[in-house]
Amino acid sequence: MPKLNGIEVLTQLRADERTKMIPVVILTSSREDPDIEACYRIGINSYIVKPVDFDSFITAVSELGLYWLLLNHAPVSVQKNK
């Protein structure tokens, strides 16, 4: 992202009443503990390190989508914003 990094975007999302409850999944190449800790401190719902192999990446994204669409139960306030 050219002007903001993901942590800055997440901070803005969590600061806004309209978006603070939206589930956020970080999909990143960073395995750095400070990055992981900062994201959870701000309020992410999941931190996923992207697989390097393309086929593994596609599988991971597909499974991630299925989890959030089929298994996760969001509060009614988040469901209304869909």
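The values are calculated or read from the model by the stated rules, or taken from the named source; none is laboratory data. Fair warning: this is a prediction, and the values are worked out from it, not measured in the lab. So basically every Cβ, Gly included, is an ideal-geometry build from the backbone, and we count neighbours across all protein chains shown. Each accessible area value is taken on the protein alone, full model and side chains, heavy atoms only, with ligands, DNA and RNA left out. Shrake-Rupley method; radii C 1.70, N 1.55, O 1.52, S 1.80 Å.
Here are some notes:
- Basic side chains Lys and Arg get +1 at the Cβ, acidic Asp and Glu get -1 at the Cβ, and with that the dipole of the chain about its Cα centre reaches some 440 debye.
- Per residue, in Å², the accessible surface of the chain once ligands and nucleic acids are set aside, probe 1.4 Å: 77
- As a rough guide to protection, the peptides 36-42, 60-66 ranked by mean Cβ packing within 10 Å, highest first, stand as 36-42, 60-66.
- Using 0.36 nm per residue and subtracting the Cα-Cα separation, the extra length available between Trp68 and Thr19 on full extension is 15.9 nm.
- Of the accessible area of the chain, computed with a 1.4 Å probe over protein heavy atoms only, carbon and sulfur atoms account for 58 percent.
- Average projection area in nm² (convex hull over Cα atoms of the chain, one quarter of hull surface): 6.3
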